[in-house]
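Chemist: The structure under discussion is supplied below as structure tokens; questions concerning it will follow.
Each reported figure results from applying straightforward, stated rules to the coordinates on display, with no laboratory input. All values reported here derive from a predicted model rather than from experimental measurement. With ideal geometry, Cβ positions are generated from the backbone for all residues, glycine too; neighbour counts draw on all protein chains shown.
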Amino acid sequence: MVYLDYSATTPCDERVLQVYVDTIRAQFANPNSGHRLGLETRANYLTQTQSIAALLNMEESEVVLTSGATEANNLAIRGVVAEKGAHALTTPYEHPSVIACFSSLQKKGIEVEFVPTDANGVVDIQAMRQLIRENTYLVSIGAVNSEIGIAQDLDAVKDVLTAYPSVLFHSDITQALGKLPLPKRMPDLVSLSAHKIYGLKGSGALLKPKGLRLERILAGGHGLSAFRPGTPDLPQAVMLNKAIALSLALFSERYKYIERLNRELREQVALIIGVHINSPRGSLPHILNLSLPPYESSKLRDYLSLEEIYVSTQTACSGDAPFSEGVLRLTGDPALASSSIRISLSHLTTSREINIFLEALRKLVRQ
């Protein structure tokens, strides 16, 4: 088996799984309970969330644990209170959950504008500055596009927004966490997911300023968080804390290895007649998006799957859309968009696996 779909999900690290299981066994009490066991669990839960904030250099932020980045994006974008007619900025390369959130806001009278990007999909910082108005209240720009690997300069965005203290800056850092250095100054609101950093599925977080009020998107009783009802999940908090800590600690050595794999892959793919590389130079090395027209994306995926090589056609949250919106917007070529596949790499990927994939691609071209 050759797994090249690490941007869709990652296997759980045994160290992460172990702390999760240990916590389930040792501290199972409800953190909302008032007895000693509940209070001990509550104290540990708060310790874990404070540690998560510290790891991300967001010590002054509140951590709201969620079911994943999609829920975190919803809470951040739909939860920020804004009057009808207010103005928000985002990019066309955002995760489907972000695009869907802004679509729902438009129906409520919020004006949403896309920030212009250059030929590589990178935000035009000066154009963004010119789009900010007196009634702009939110800018949402993800750190890395999940289909193509376009990496945005969050520090440059933050530098601009420093002059506009009333404008909140949100970023979904799911595809960047543990893969790129943290920004020097973090956005105001940050969404992330555990299963993209070798943690468990169904777990994520939103980090937000402590004084910022959000409208609930879920109804329920009061718990430790004023913004997400339900029983706080201590094992989830311990697991997420461990996954983030490991991803940051091991970032440098993993990045160098994956960068080398990406370079080898690019060099070899460029020699295969008919294959087009969509990911621009300078994009995240963990993702390489390719097209092989006239083959349809789903046909390429299925062909590789029969060879026990597993890739994606686009971000998993896009479902079975017939073409990649991101590739179409970046290249302007419908043929490339409808024949694209995403190769996503990990420190677990081997050169042998890359060679097996390349040989399968060559075999297809020869047919």
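Chemist: GNM, the chain, Cα, under 10 Å: largest mean-square fluctuation among Leu300, Leu105, Leu271?
Modeler: Of the options given, Leu271 has the highest mean-square fluctuation.
Chemist: Dipole size in debye (nearest 20) for the chain around its Cα centre, Lys and Arg Cβ +1, Asp and Glu Cβ -1?
Modeler: Working: 36 positive and 37 negative charges, 81 e Å.
About 380 debye.
Chemist: Tell me the relative contact order for the chain as a rounded percent, counting alpha carbon contacts under 8 Å between residues six or more apart.
Modeler: Details: 700 pairs, mean separation 84.9, N = 367.
Relative CO of the chain lands at 23 percent.
Chemist: Just rank Cys12, Cys101, fewest to most, by other beta-carbon atoms within 10 angstrom. Walk me through the intermediate numbers first.
Modeler: Details: Cys12 18, Cys101 26.
Ascending number of Cβ neighbours within 10 Å: Cys12, Cys101.
Chemist: Another question, if that's okay. Return the calculated 222 nm mean residue ellipticity for the chain, to the nearest 500 deg cm²/dmol, obtained by summing -39500 (n - 2.57) across DSSP H runs with n ≥ 4 and dividing by the residue count.
Modeler: For the chain, the value works out to -12000 deg cm²/dmol.
Chemist: Now for a different question. I'd like to verify something in the chain: which complete DSSP H helices, judged by Cα projection on the helix axis, reach 20 Å or more and average at least -0.5 on the Kyte-Doolittle scale? Before the final figure, lay out the partial values.
Modeler: On the way: long enough: 36-55 (28 Å, -0.12); 234-249 (22 Å, 1.23); 251-269 (26 Å, -1.43); 351-366 (22 Å, 0.03).
Answer set is 36-55, 234-249, 351-366.
Chemist: For a quick check: sort Leu56, Leu246 by the number of other beta carbons within 10 angstrom, fewest at the front.
Modeler: Details: Leu56 21, Leu246 17.
With the fewest neighbours first, Leu56, Leu246 line up as Leu246, Leu56.
Chemist: What is the distance in Å between the Cα centres of region 174-218 and region 47-79?
Modeler: So the separation of the two Cα centres works out to 5 Å.
Chemist: Let me ask you something else. Order 47-54, 171-178, 3-10 from most to least packed using the mean count of other Cβ atoms within 10 Å.
Modeler: On the way: 47-54: 18.6, 171-178: 26.2, 3-10: 20.8.
With the highest mean Cβ count within 10 Å placed first, the list reads 171-178, 3-10, 47-54.
Chemist: Report the local net charge at Asp233: Lys and Arg +1, Asp and Glu -1, summed over other residues whose C-beta lies under 15 Å from its C-beta. Don't jump to the answer; show the numbers that get you there.
Modeler: Details: positive: Arg25, Arg42, Lys201, Arg228, Lys242; negative: Asp22, Glu71.
Around Asp233, the surrounding residues sum to +3.
Chemist: Extension gain Glu296-Glu264, at 0.36 nm per residue separation less the Cα-Cα distance, in nm?
Modeler: Values: separation 32, 0.36 × 32 = 11.52 nm, distance 2.51 nm.
So the extension gain works out to 9.0 nm.
Chemist: Take the Cα pairs of region 14-249, get the Kirkwood Rh, then feed it into Stokes-Einstein at 25 °C and 0.890 mPa s and tell me D in µm²/s.
Modeler: Stokes-Einstein gives a translational diffusion coefficient of 134 µm²/s.
Chemist: Looking at this model, which pairs from Lys158/Lys179; Lys84/Lys158; Lys158/Lys208; Lys196/Lys256; Lys184/Lys208 are more than 23 angstrom apart at the alpha-carbon? Provide the component values of the computation, followed by the final result.
Modeler: Working: Lys158/Lys179 20 Å; Lys84/Lys158 25 Å; Lys158/Lys208 15 Å; Lys196/Lys256 19 Å; Lys184/Lys208 17 Å.
Those over the limit are Lys84/Lys158.
Chemist: Which of Val98, Val327, Val122 moves the most in a Gaussian network model of the chain with Cα springs under 10 Å?
Modeler: Of the options given, Val122 has the highest mean-square fluctuation.
Chemist: Another question, if that's okay. Using 0.36 nm times the number of residues separating Phe114 and Arg366, minus their current alpha carbon distance, what extension gain do you get?
Modeler: Working: separation 252, 0.36 × 252 = 90.72 nm, distance 4.19 nm.
Taking 0.36 nm per residue and subtracting the Cα distance, the gain is 86.5 nm.
Chemist: Let me ask something additional. Using 7 Å Cα-to-Cβ label points, what is the Val81/Arg15 separation (nm, one decimal)?
Modeler: With each label point 7 Å from Cα toward Cβ, the separation is 4.3 nm.
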